[in-house]
Structures are given as structure tokens and as C-alpha cells.
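Only one structure is covered here, and it is reproduced in the block below.
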Amino acid sequence: MEREELVIFDEIEKQAWELLEKSIVYYQGRPIGTIAAGEVSQVALNYDHCFVRDFVSSALLFLIKGRYDIVRNFLEETLKLQPKQNLLNAYTPGRGLIPASFKVVSTNEQEYLEADFGEHAIARVTPVDSCLWWIIILYAYVKATKDIKFALQPEFQQGIMLIMELCLATRFDMYPTLLVPDGACMIQRRLGIYGYPLEIQSLFYTALRAARKLLICAGDEEIVIGIDNRLPLLRDHIRNHYWIDLHRLNVIYRFKGEEYGHTAVNQFNIYADSIAYAKLALWLPKNGGYLAGNVGPSQLDTRFFSLGNLMAILSSLASDRQSQAIMNIIEEQWDDLVAEMPMKICFPAIEKEEYRIFTGCDPKNIPWSYHNGGSWPVLLWLLTAAAQKTGRISIAKRAIEIAQTRLSEDEWPQYYDGTRGLLIGKEARRYQTWTISGFLLAKELMRNPDYLELISFAEFDSSNASQVCDL
């Protein structure tokens with residue numbers, strides 16, 4: 001790389017750090033998070049909130065830099081917002097939920113935090129992923145600081161337990177996965193992912209791995225046994241039923257419908273005609289594969305969802321072989337999944353009548369925009385982390401080189417539109433904080449792969465699971 005280019009890229013990093021500093025939210029004089037976007041030319045809506053999912057990349061970055069106070073304050077304050085009682089009232093957040101976001105509000109010179117559990121959000125969907133991300137951030141904080149006493153405080157142990165109760169409770173379901181509505185995760189609009197979307201299952205598995213470590217250190221055996229029972233069931237379910245490669249596609253192609261009983265091969269009653277075999281068979285490389293977007297009754301969503309697949313690699317929800325196959329497909333189908341901006345949130349986009357039915361004619365989710373096939377730069381850090389874990393560093397280098405040539409010039413947009421990500425998103429906010437922190441985090445992960453320990457897990461062996469606190 002030429003010296004002039006190095007200077008330019010150093011300046012881009014410097015600018016990104018300055019913007020991240022400006023995004024920090026203060027409450028009663030203490031830093032507690034980052035706002036979603038710093039663009040001042042548009043109405044704020046809820047972009048002046050601190051979102052739990054948005055803060056993840058900033059939190060990891062602050063931990064890497066030793067800025068522990070911001071993450072500690074964030075964890076403490078969001079925990080205070082968690083409902084501790086079941087009121088059994090409609091329109092009231094249930095016990096254990098962590099809000100999607102919060103905002104600092106000042107009234108009569110008194111500051112307080114206003115939480116949003118989805119009651120103010122578009123479509124009023126309660127966030128499922130916030131609880132899971134919160135545990136993952138707590139785990140990363142303990143890993144970075146070695147301060148296990150922080151997580152052993154009674155209020156934190158209760159917070160973890162309440163989330164586990166939500167996730168592991170008796171329910172109207174017999175799968176090891178979590179049943180959720182559309183809009184309950186990063187894809188927070190209707191996109192046909194109701195049921196058992198991969199993103200939630202990957203986050204669920206990661207949060208279970210993190211909670212298990214934190215609860216073992218507290219000496220809690222009962223809930224750890226419950227987690228140990230769920231982990232292998234969830235892992236095997238995802239690896240077996242969600243996996244798509246050419247071999248699996250051939251099996252599905254020959255499925256028989258209407259099978260009954262324990263000997264059924266087509267357990268979810270998937271109808272072969274519901275899958276576009278011709279396109280999918282041509283798209284799948286011989287050595288590639290991925291985890292499907294969703295599996296449920298007569299439903300196999302064959303769209304590629306990036307966050308779910310990348311988190312599956314980091315948490316070892318995907319096997320080593322499957323992880324390599326996922327990276328193979330990203331590399332071999334680069335023009336579809338990465339192209340001019342890392343990377344597609346999902347592929348392909350849904351179009352025509354499917355778009356009308358799945359999205360309800362959502363004008364923001366038109367084909368190849370926003371959540372419907374748009375490109376989200378925040379995914380750069382997850383792609384980099386997955387590349388580090390699988391030893392595919394060249395993929396991360398290539399993606400970072402693309403991102404850093406455009407992000408600063410384009411004013412750090414929220415997302416990009418078009419089949420190749422060439423257009424700045426039609427309604428994308430500029431100076432989106434997780435775009436900025438995601439870029440910086442990717443750079444830090446490239447400089448020091450050891451930082452991967454904050455977010456990564458090795459294979460879980462239920463027959464030899466450690467009961468020792470090793471954080």
C-alpha cells in the first residue's frame with residue numbers, strides 16, 4: 001500500500017474515533033452508551049436513543065481500549081430498566097425484558113432514563129434480541145476486565161436469571177429454538193421471518209453460552225443444568241435442519257410430504273415445490289453451504305441472512321466444517337453478498353408479489369433496500385471476526401479495503417441500496433454510530449486477533465462440559 005493511502009486511511013480512522021466520541025450519551029455526568037446516529041439535518045425520531053443492539057460494537061471497542069466505565073455504566077443502567085415483576089397487563093413489558101433502547105430525558109432539571117420496549121417503535125414489536133445482546137455484552141465486559149465480582153452482584157445474577165426464565169420457560173412449543181414474531185431483532189420490520197429466524201437462534205445460543213459461564217461462577221447449578229440440557233439440542237437442531245448445501249439440497253428435493261410419526265424424514269413437512277431449486281443449485285458452490293434463514297412447519301426460508309450465519313460461526317453453533325463452508329460461499333459469491341459494500345443483510349431480496357405479501361408493501365423495504373437485501377456496513381466487524389476465527393483473513397482484508405474507500409466520503413451511512421451496494425440508502429441516516437464503531441472494531445480485530453475472545457466460543461461438548469469458573 002502506498003504511503004499516501006496509509007495517511008488517508010489513518011485520517012479516516014481518526015475521524016471515526018472523533019465521531020464515536022461525539023456519539024457518547026451522558027447520564028448524571030457519567031457516560032452510559034452511544035446514540036444511534038449523529039446526523040442533525042433530519043428529525044431525530046428515535047435515532048437519539050441508545051439501542052442495545054447498536055451499542056454492541058461500540059461496547060466491544062471501548063473494552064478493547066480500556067474504556068471500561070462506559071460499558072459498566074451501560075450494563076448497570078439498562079439492568080435497572082428491566083421489569084422485575086409480572087404485572088400480567090396488556091401493553092406492559094414482561095418480567096426480564098431488556099428495552100430495545102433508552103433516552104436521557106430532563107424534566108425540571110432532573111434527569112431520568114426513558115426506556116422503549118417497543119411500545120414507541122414502528123409496528124410496536126417487543127425486542128427479543130436486546131436480552132440476548134445484554135448478556136453477551138456482560139460476558140465480554142467480564143472477559144475484558146477479569147472483574148467477575150461485577151457479574152456476581154445479586155442484581156446482575158437476578159437479571160441473568162430473569163432472562164433465562166424468559167428463554168427457557170415452559171411454552172406452547174416443543175422445539176429447542178425460540179419462537180418469535182417478525183421485527184423482533186435487527187430486522188425490525190415485517191420481512192417474513194416470524195417463527196424461528198436464524199438470527200435469534202444464533203444470538204440465543206451465544207447468550208446461553210455466555211450465561212452458563214457467568215452462572216457457573218456464581219455457583220448456580222439448577223439453571224446451568226437447564227442450559228446444558230438445551231445447548232446440545234439447539235446446536236444439533238440448527239446444524240441438521242437449517243443447513244443447506246448441495247448434498248442437503250438433493251435430500252430436500254426428494255422429500256415426501258404428509259409423513260407421520262417418529263420415522264418421518266421430512267419432519268417439518270417441507271414441500272419441495274416451495275423452493276427455487278434451479279436458482280439455488282446454480283448459486284451454491286460445491287464446497288459451500290450456509291444456515292437457512294428460518295425453519296418451521298412447512299417453511300424453509302432459503303435466504304442467506306448474514307448476521308445469523310456469522311454469529312453461528314463465532315459461537316460455534318455451526319460446526320468447523322459448516323463454518324468453513326459459510327466462508328467459502330461468502331468468498332465465491334462475493335458479488336452477491338459483499339460486492340461494493342460489506343455486506344448484504346440478506347440475499348436475495350424478495351420482489352414482486354412476495355414483496356407485497358411479506359413486507360405489507362413497506363416502502364422502506366423495497367427490493368434491494370434497507371432490510372430487504374440492503375448492505376449494512378455494521379456487519380463488517382462480524383465478517384472480520386468470523387474470518388479471524390476460521391483463518392480466512394484475506395476475506396476480512398478485502399472487505400475492509402472496500403469499506404474504508406467509501407464510508408468516510410459517504411458520511412458513514414446506515415445502509416446502502418442496490419444489488420451491489422452502490423447507492424447510499426434512500427432513507428439512510430448519516431453518521432450512524434454502529435457503522436462507525438463497526439469499522440473501527442474490524443480494524444482492531446485485524447490488528448490483534450486475541451480480541452476475538454470477547455465474543456467467540458469454542459465447540460460445546462456436553463459430555464465434557466466444564467463446571468469450573470474459567471473467566
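The values are calculated or read from the model by the stated rules, or taken from the named source; none is laboratory data. All of these numbers come straight from a predicted model, not from anything done at the bench. Using ideal geometry, Cβ is built from the backbone for each residue, glycine included, and neighbour counts are taken over all protein chains shown. Just the protein is used for accessible areas: all its heavy atoms, side chains included, with ligands, DNA and RNA removed. Shrake-Rupley method; radii C 1.70, N 1.55, O 1.52, S 1.80 Å.
Cβ-Cβ under 9 Å, sequence separation 6+ or interchain: first residue in the range 317-344 and on the phi > 0 side of the Ramachandran plot, partner assigned to a loop (DSSP other than H, G, I, E, B). Which pairs?
ALA339/GLY418; ALA339/THR419; ALA339/ARG420; ALA339/GLY421; ALA339/LEU422
Looking for something in contact (Cβ under 8 Å) with a residue 12 or more places away in the chain, open to solvent by less than 10 Å² (accessible area, probe 1.4 Å), within 28 Å of PHE51 (Cβ to Cβ) and out of contact with any Leu (no Cβ under 8 Å at 6 or more places or on another chain) - is there at least one such residue anywhere in the range 206-224?
Yes, because at least one residue in the range 206-224 is in contact (Cβ under 8 Å) with a residue 12 or more places away in the chain, open to solvent by less than 10 Å² (accessible area, probe 1.4 Å), within 28 Å of PHE51 (Cβ to Cβ) and out of contact with any Leu (no Cβ under 8 Å at 6 or more places or on another chain).
Within the set of pairs 6 or more residues apart or between chains, which connect a residue that is farther than 16 Å from ASN73 by Cβ and in contact (Cβ under 8 Å) with a residue 40 or more places away in the chain inside the range 17-39 to a residue that is surrounded by 17 or more Cβ atoms within 10 Å (Cβ to Cβ) and of a type in the set (Asp, Glu) with Cβ atoms less than 6 Å apart?
Final answer for the pair search is ALA36/ASP54.
Please tell me if GLN324 is open to solvent by 60 Å² or more (accessible area, probe 1.4 Å), under 23 Å from ILE345 (Cβ atoms) and not aromatic (Phe, Trp, Tyr).
Against the criterion (open to solvent by 60 Å² or more (accessible area, probe 1.4 Å), under 23 Å from ILE345 (Cβ atoms) and not aromatic (Phe, Trp, Tyr)), GLN324 qualifies.
Any residue at all in the range 327-341 that's open to solvent by less than 10 Å² (accessible area, probe 1.4 Å), in a loop (DSSP other than H, G, I, E, B) and under 28 Å from ALA123 (Cβ atoms)?
yes
If we only count helices (runs of 4 or more DSSP H) wholly inside the range 352-460, which ones have 3 or more residues that are small (Gly, Ala, Ser)?
The helices (runs of 4 or more DSSP H) meeting that bar are 379-390, 393-404, 433-447.
I'd like the residue in the range 100-122 that is farther than 18 Å from ILE70 by Cβ and under 20 Å from the mean Cα position of the chain (by Cα) and, out of all such residues, is surrounded by the most Cβ atoms within 10 Å (Cβ to Cβ).
ALA100
As an exercise: evaluate GLN82 against (1) touching a strand residue (DSSP E or B) at 6+ places or on another chain (Cβ under 6 Å); (2) part of a loop (DSSP other than H, G, I, E, B); (3) of a type in the set (S, T, N, Q) and give the number of the one condition it does not meet.
Of the numbered conditions (1) touching a strand residue (DSSP E or B) at 6+ places or on another chain (Cβ under 6 Å); (2) part of a loop (DSSP other than H, G, I, E, B); (3) of a type in the set (S, T, N, Q), the odd one out for GLN82 is (1).
Out of (1) open to solvent by 10 Å² or more (accessible area, probe 1.4 Å); (2) in contact with a Gly (Cβ under 7 Å, 6 or more places away or on another chain); (3) outside any loop (DSSP other than H, G, I, E, B), the odd one out for ALA281 is which?
Status for ALA281: all satisfied but (2).
Pull up the range 30-73, narrow it to residues that are small (Gly, Ala, Ser) and modelled with pLDDT under 95, then point me to the one that is most open to solvent (accessible area, probe 1.4 Å).
SER41
Residue under question is ASN294, and the condition is that it be open to solvent by 20 Å² or more (accessible area, probe 1.4 Å), touching a residue at least 12 places away in the same chain (Cβ under 8 Å) and within 27 Å of ALA396 (Cα to Cα); does it hold?
Answer is no for this residue.
Among ARG392, ARG447, ARG406, ARG420, which is the only one that is among the basic types (Lys, Arg), without any contact (Cβ under 8 Å) to a residue 24 or more places away in the chain and out of contact with any Phe, Trp or Tyr (no Cβ under 7 Å at 6 or more places or on another chain)?
Going through ARG392, ARG447, ARG406, ARG420 in turn, just one is among the basic types (Lys, Arg), without any contact (Cβ under 8 Å) to a residue 24 or more places away in the chain and out of contact with any Phe, Trp or Tyr (no Cβ under 7 Å at 6 or more places or on another chain): ARG447.
Are any of the residues in the range 390-401 within 21 Å of the chain's Cα centre (by Cα) and closer than 20 Å to ARG190 by Cα?
The answer is no, given that none of the residues of the range 390-401 is within 21 Å of the chain's Cα centre (by Cα) and closer than 20 Å to ARG190 by Cα.
Being under 23 Å from ILE329 (Cβ atoms) and of a type outside the set (Val, Ile, Thr) is the filter here; which residues of the range 346-357 pass it?
Those that are under 23 Å from ILE329 (Cβ atoms) and of a type outside the set (Val, Ile, Thr): CYS346, PHE347, PRO348, ALA349, GLU351, GLU354.
Under the condition of being of a type in the set (A, V, I, L, M, F, W, C) and farther than 28 Å from ASN448 by Cα, which residue from the range 123-159 is most open to solvent (accessible area, probe 1.4 Å)?
Per the stated criteria, the residue is ALA123.
For TRP243, work out the one condition from (1) at pLDDT 95 or above; (2) under 23 Å from GLN82 (Cα atoms) it doesn't fulfil.
Among (1) at pLDDT 95 or above; (2) under 23 Å from GLN82 (Cα atoms), the lone unmet condition for TRP243 is (2).
Rundown of residues vs (1) at pLDDT 95 or above; (2) over 20 Å from the mean Cα position of the chain (by Cα); (3) among the small types (Gly, Ala, Ser), yes/no style:
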site: ALA403; (1), (2), (3): yes, no, yes
site: THR435; (1), (2), (3): yes, no, no
site: PHE439; (1), (2), (3): yes, no, no
site: GLU444; (1), (2), (3): yes, no, no
site: TYR451; (1), (2), (3): yes, no, no
site: LEU454; (1), (2), (3): yes, no, no
site: SER463; (1), (2), (3): no, yes, yes
site: CYS469; (1), (2), (3): no, yes, no
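Could you list, in sequence order, all residues of the range 153-207 that are part of a helix (DSSP H, G or I) and touching a strand residue (DSSP E or B) at 6+ places or on another chain (Cβ under 7 Å)?
Across the range 153-207, the qualifying residues are LEU198, GLU199, ILE200.
What is the number of the single condition among (1) crowded, with 24+ Cβ neighbours inside 10 Å; (2) in contact with a helix residue (DSSP H, G or I) (Cβ under 9 Å, 6 or more places away or on another chain) that ARG392 does not meet?
Result: ARG392 passes all but (1).
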